Amino acid sequence: MSRASNRKIQLPHTIFREVAVLDGYLGAAGPAHIFQAKLCNLPSLIGEMMIAGESDPNFFQIDYKFTIGKGPITDEGLVAAIRKRADDLWKEFKAGANVRNRERYLRVIDTRLLDNPSLAVRAPAHQGVESKDSDRLLGEDRALQKLNHRNIVRRYARVDDPTLGPCILMEHVQGKTLDRIWRRRVENKQGPLPLPAVAHIAYQLAHALSHAHQQGVVHGELHPANVLIEESPHSKAKGVVKLAGFGGGGAGGASTLPYSAPDQIRDGTPSPASDVYQLGATLYVLATGKLPYEASSPDAMRDLLLSGDPHPAIVHHSRPEISPRFEALIEGARQKDPAKRWPLAKVVEEITQLYAAKMFSLDDAPRGSIAEELIVRVQTDFALKDFYRAIEAIDLAKDFLEGVPGGRGEEVRRRFDALKSQIEPYRSEVEKVKAVQKKHIAPVDHLMEELYTRYGNGEPILTHKDKGVMKGEGQETVIVKRSLIDGILAHTSSAIQELSKINAEMVGDMHRKMVDRASSQEEACSDLAKRMIQFGDDYIKS
């Protein structure tokens, strides 16, 4: 096992009554180690399901009045009779007398095993007086027993192993987590997921959550690491979403905190409303390729989430091509105030309509509706005093005015003209910020990306042509050509100086972001130079 634990498990490991053999380690998630496994003693597994009250003992020709939901069998004589019958059937099976019954046994356990016999077993990561992993895993098991949905990882049974503790036997989803997918795309500079893919995931997650809530089950830890995209050869459909991690009680670690609802942090208890927030936060990350918040510590992250301030960014700041209707769904789901947050029923209804109409981006929607929705976006940005974004939206709306049909067109144009007259006084300062971004900040982003690529590959940070040229000696030294490092620092210094002359109140939050960006560029460049270049080595003498 690759993760530290207070137990050493030698693989392969046969769990209680030979029901399965653990033959590989898949990793760790939440309170559990996850093992790859193969089913072995099928009669014993069915017997343990009977004892747990999940299967009918009459299948073993044992007379018993079975009722779903009746609970575990506590009669010791009946338990012994079930296990003896299971042992007899296993002996017959191994002798070859009942080999043809394997399919029949699998049907009793779960018919989906016929198509996908792969098995995953979740066992507590740690045991002992101080560990709560077993309790969390049992909570997950109780939740999963109530659920049966194609977009939720399937639970088959639970067996209590003397060595490992409670083991949940589950569907083995062959695929990647959304966390791995979106981070890998960022690392490979592929950008965030395509908007149709985000909508495809949103549709399946919303319906999976709806099913869980109808069964009285709250997830509590919905984030990309608990969502898998199936890539199994056994699956007929591709890109099927599988939601895992139920029943954790919202006790996730620091990595789950950026997705936590403020009300969940305050109350310490997840709710259907906090599940909706986590869905919205997950969709925000997939659509933008960025976490909703960045902070230096978990405490600082909690302070940001609990503050009364609105989110520092919304989806169209990073994805201007998103349709306003799709953005409204994501932002409505991740409203900080539970009273303003969309209920799950509204999320399901809206994503179903969007998914059916394929209205994910501005290019997908009728031009008339785009103009109207962009005007709503302008009003929202203007109310938030984000004049930079408001001017972006009003300029975009202008191109769609002609698509508004009939009498609505006059009303939309009237609203457009009224907003434009309100916004125009801010345009001059906003254009100055855009000029600084184009002239100084964007070029530095490109250059720093190149330097960090070299640094990551272990290459010299400066090539010969990147070095500056000096001539002369002492006080008569003259710089003929600046080094790349000095050129970057000159850009960042000029950006900060020029931004300081712009009226920040006439721009909005984008002014602060640009100043922060230029400052961080300057700091990163200086730090990289100090680590990789001896003073003066970035120049050559002519």
Worksheet item: Within segment 348-356, is there a residue that is assigned to a loop (DSSP other than H, G, I, E, B) and either modelled with pLDDT under 85 or closer than 16 Å to L283 by Cα (or both)?
Response: no
Response to the item:
Scanning segment 301-315 for residues that are assigned to a loop (DSSP other than H, G, I, E, B) and either touching a residue at least 40 places away in the same chain (Cβ under 8 Å) or of a type outside the set (S, T, N, Q) (or both) gives G308, D309, P310, H311, P312, A313, I314
Practice prompt. Can you tell me which residue among F66, F59 is aromatic (F, W, Y) and either in a loop (DSSP other than H, G, I, E, B) or crowded, with 18+ Cβ neighbours inside 10 Å (or both)?
Written response: F66
Worksheet entry | helices (runs of 4 or more DSSP H) wholly inside segment 71-177 containing at least 2 residues that are more than 30 Å from Q61 (Cβ to Cβ) | 133-145
Practice prompt. For segment 395-402, indicate whether the set of residues that are without any contact (Cβ under 8 Å) to a residue 12 or more places away in the chain, out of contact with any helix residue (DSSP H, G or I) (no Cβ under 6 Å at 6 or more places or on another chain) and part of a helix (DSSP H, G or I) is non-empty.
Written response: yes
Discussion item. For H491, only one of the following conditions fails: (1) surrounded by 17 or more Cβ atoms within 10 Å (Cβ to Cβ); (2) more than 29 Å from I391 (Cβ to Cβ); (3) modelled with pLDDT of 80 or more. What is its number?
Written reply: (2)
Worksheet item: Residues of segment 441-464 being outside any helix (DSSP H, G or I) and either over 19 Å from Q521 (Cα atoms) or not assigned by TED's automatic domain parsing to the domain that holds L528 (or both), which ones?
Response: N457, G458, E459, P460, T463
Fill in: L499 being surrounded by 13 or more Cβ atoms within 10 Å (Cβ to Cβ), at pLDDT 80 or above and within 30 Å of N188 (Cα to Cα)
no
Worksheet item: Does K513 count as under 23 Å from Y426 (Cβ atoms) and at pLDDT 90 or above?
Response: no
Discussion item. A86 - would you say it is hydrophobic (A, V, I, L, M, F, W, C) and touching a Gly at 6+ places or on another chain (Cβ under 9 Å)?
Written reply: yes
Practice prompt. May I ask you to say which residue of K438, K467, K420, K481 is without any contact (Cβ under 8 Å) to a residue 40 or more places away in the chain, among the charged types (D, E, K, R), in contact with a helix residue (DSSP H, G or I) (Cβ under 8 Å, 6 or more places away or on another chain) and not assigned by TED's automatic domain parsing to the domain that holds I314?
Written response: K420
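So that you can scan it fast, the table gives a plain yes or no per residue for (1) in contact with a His (Cβ under 8 Å, 6 or more places away or on another chain); (2) touching a residue at least 24 places away in the same chain (Cβ under 8 Å); (3) closer than 24 Å to Y105 by Cα:
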{"residue": "D135", "(1), (2), (3)": "no, no, no"}
{"residue": "E140", "(1), (2), (3)": "no, yes, no"}
{"residue": "K146", "(1), (2), (3)": "no, yes, yes"}
{"residue": "H149", "(1), (2), (3)": "yes, yes, yes"}
{"residue": "L164", "(1), (2), (3)": "yes, yes, no"}
{"residue": "C167", "(1), (2), (3)": "no, yes, yes"}
{"residue": "E171", "(1), (2), (3)": "no, yes, yes"}
Worksheet item: Mind checking whether some residue in segment 62-78 is touching a residue at least 24 places away in the same chain (Cβ under 8 Å) and under 44 Å from the mean Cα position of the chain (by Cα)?
Response: no
Worksheet item: When you scan segment 275-300, how many residues do you find that are outside any loop (DSSP other than H, G, I, E, B) and small (G, A, S)?
Response: 4
Fill in: Candidates E54, E76 - the one that is assigned by TED's automatic domain parsing to the domain that holds V108, crowded, with 17+ Cβ neighbours inside 10 Å and of a type in the set (D, E, K, R)
E54
Fill in: Condition check for P192: at pLDDT 90 or above, over 15 Å from N151 (Cβ atoms), touching a helix residue (DSSP H, G or I) at 6+ places or on another chain (Cβ under 6 Å) and of a type outside the set (V, I, T)
yes
Item to complete: Could you grab me the full set of residues in segment 57-97 that are of a type outside the set (A, V, I, L, M, F, W, C) and closer than 17 Å to V19 by Cα?
Response: R83, K84, R85, D87, D88, K91, E92, K94
Discussion item. Among (1) within 24 Å of T111 (Cα to Cα); (2) over 15 Å from the mean Cα position of the chain (by Cα); (3) touching a residue at least 12 places away in the same chain (Cβ under 8 Å); (4) not assigned by TED's automatic domain parsing to the domain that holds N116, there is one condition L228 misses while meeting the rest; what is its number?
Written reply: (2)
Worksheet item: Within segment 398-442, can you find the residues that are within 33 Å of the chain's Cα centre (by Cα) and exposed (fewer than 15 other Cβ atoms within 10 Å of the Cβ)?
Response: K438, A442
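The values are calculated or read from the model by the stated rules, or taken from the named source; none is laboratory data. Computed from a prediction, not measured in an experiment: that's the story for all the values here. Cβ atoms come from the backbone with ideal geometry, glycine included; neighbour counts cover every protein chain shown.
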